[in-house]
Amino acid sequence: MEQRISLITLGVGDLARARAFYEHLGWRGQEVEETVFFQAGGLALVLWSRDKLAADAGIDDRGGDGFGGVALAQNVRSRAEVDQLIATALQAGAEVTQPARETFYGGYAGCFADPDGHIWEIAWNPGFALGPDGALTLPDFGANA
């Protein structure tokens, strides 16, 4: 597994309130399908409904079990790499919380919890280009800022 993070997704209770907060800090986001994306250097910060994030990771949001409404994600270059990294994580002691599967956005992804319960998503997304160094650059979603 390469030592990098592609996206940090924050599960939020009120998307509009959360977006307003980050925009108040000077961040500029793009909202697509009830999800707000912010380019943050070589990675992206994402705001998404906390309950949708928990469901996508295949867990119940019980609070206090290591899931704090945050999922770390690494985008990879192929479906095969998704499968390979999830298998490697499982061998290292992770719990697979969402087996790799086709996604609603046309990609392929799965999730695991590390030994402390922190959720990682490993995803191949054909719409998110990765540079030679693994840096992710968000596309222009064509949405109003």
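Annotations for the structure displayed:
- Within the chain, helix-based [θ] at 222 nm, where runs of 4 or more DSSP H residues each add -39,500 (n - 2.57), nearest 500: -6500 deg cm²/dmol
- Spin-label pair Ala16-Arg79: with each label point 7 Å from Cα along the Cα-Cβ axis, the two points sit 4.0 nm from one another.
- Cβ-derived FRET efficiency at R0 22 Å, Glu23 paired with Lys52, nearest 0.05: 0.55
- The stretch 39-62 and the stretch 90-145: distance between their alpha carbon centers, rounded to Å: 10 Å
- Summed side-chain charge close to Met1 - residues other than Met1 whose Cβ falls under 14 Å, Lys, Arg +1, Asp, Glu -1: -3
- Averaging the sequence gap over all C-alpha pairs within less than 8 Å and six or more residues apart, then dividing by the number of residues, gives the chain a relative contact order of 25 percent.
- Sites Leu72 and Glu34, calculated FRET efficiency, Cβ-Cβ separation with R0 22 Å, nearest 0.05: 0.60
- Extension gain, His118 back to Asp60 (0.36 nm per residue minus Cα-Cα distance, nm): 19.5 nm
- Taking each residue as 0.36 nm, the span from Leu130 to Gln91 lengthens on full extension beyond its C-alpha to C-alpha distance by 11.4 nm.
- Förster radius 25 Å - calculated FRET efficiency between Ile8 and Phe104 (Cβ-Cβ, nearest 0.05): 0.80
- Averaging 1/r across all pairs of distinct Cα atoms in the chain and inverting the result yields a Kirkwood radius of 15.5 Å.
The numbers here are math on the coordinates, done by the rules we state, and not lab data. Model, not experiment: these values are computed from the prediction. With ideal geometry, Cβ positions are generated from the backbone for all residues, glycine too; neighbour counts draw on all protein chains shown.
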